[in-house]
1. Among the aspartates and glutamates, which fall within straight-line cross-link reach of K12, defined as a Cα-Cα distance under 18 Å, with same-chain neighbours fewer than 8 residues apart omitted?
2. Please work out the FRET efficiency for the pair I190 and K242, using the Cβ-Cβ distance as r and a Förster radius of 51 Å; give the result to the nearest 0.05.
3. Taking 7 Å along the Cα-to-C-beta vector as the label spot, tell me the D171-S72 distance in nanometres, rounded to one decimal.
4. Once Lys and Arg get +1 and Asp and Glu get -1 on their Cβ, which of T235, F167, Y129 lies farthest toward the positive end of the dipole of the range 4-263?
5. Taking a cut-off of 20 Å between Cα atoms, list the lysines near K151, but don't count ones fewer than 8 places away on the same chain.
6. First check a/c for the range 86-138, with a ≥ b ≥ c the square roots of the eigenvalues of its C-alpha gyration tensor; if it is under 1.5, answer rounded, and if not, answer prolate when a/b is larger than b/c or oblate otherwise.
7. Can you work out the FRET efficiency for the pair S29 and C254, with r the C-beta to C-beta distance and R0 = 25 Å, to the nearest 0.05?
8. Ranked by Cβ crowding within 10 angstrom, fewest neighbours first, how are H206, H95 ordered?
Amino acid sequence: MYEQTFLVKNLKDIGVQTGDILVITCSLSEVGRLEFGFETLVNALIESVGETGGILGLSFNYGQKLPIASNSNADIFSRNLKPSTGGLNEFLVEHPLSIRSGHPMNSFVGIGECIRNLLVSHTPSSPCYDPVHKLAINNSGKMLLIGTLSKSPGITTVHVAQNLLGFKNLDQGRYGVQYYNDKGGIETYIRNDVGGCSIGFHNFYHHYRDDFNFKIMKIGDADSVLVNLHDALNTDLRVLQKNPEMFFCGRESCTKCRIDFWDFSSSLVPASI
């Protein structure tokens, strides 16, 4: 059974420093038995980044096909809505110190005063992955994958790069969610930027390995990596401008990874960080 002090040592070994802002994905089952589950992990993360740092989770929620019927039982987004992205994000949403952004489909949740403005400014009018984009362009954030290198692979900067390059897919404008506005009324958010499946994002790993120091290390029992977001986005843009299909998973049965679902020829534009 792993205790907080052991995880803090692992985090320092992988390169986490005081003052870091970490975007985190985690599969707790890969980490092993922890003294108090997610509480042990989150406390270790908070201790490792210190009072000047912060941690962020991807507290996303699934959209509904539009138009949403008036009698739909779909959840309406609010600060306390349970996210669809796993146990770590559920734990963070319920944490008494956490802040959650107001983006109805792609909210981020985190702990740390240094990320308050980043999350408060992430609203229904913002691009879905705006917090990651801002951290990358300011060279002020890192992404930590804990046991998710194959289960939920890749660095979220790939989505940022897809949007910067003008990629389009058939889901744009077709899905959305309802949410409560500042006055308590219900509005509909329509998603118009690219997201989609990340299963093929592992295809970028060897490019990260070639471009910068991409090393797999252990946190508990989990294979984990720590990547600078600025470096990752530079690599993503370079790779996707050369080969827009790099993020395809390659499975014959996958309808989301076919050229008739994505439009590159009419939308690919030059982009740089």
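1. E3, D20, E47, E51, D221, D223
2. Numbers: r = 32 Å, r/R0 = 0.62.
It comes out at approximately 0.95.
3. Reported label-point gap for D171 and S72 is 1.5 nm.
4. With unit charges placed on the Cβ atoms, the residue in question is F167.
5. K142, K215, K218, K256
6. On the way: a/c = 1.79, a/b = 1.39, b/c = 1.29.
Prolate shape, in that a/c is at least 1.5 and a/b is the bigger ratio.
7. Values: r = 25 Å, r/R0 = 0.99.
FRET efficiency, S29 to C254: 0.50.
8. Numbers: H206 10, H95 18.
Going from sparsest to densest Cβ surroundings: H206, H95.
Here, each number is a calculation from the coordinates, and none is a lab measurement. None of these values were measured; they are calculated from a predicted model. Cβ: placed from backbone, ideal geometry, glycine included. Neighbour counts: every protein chain shown.
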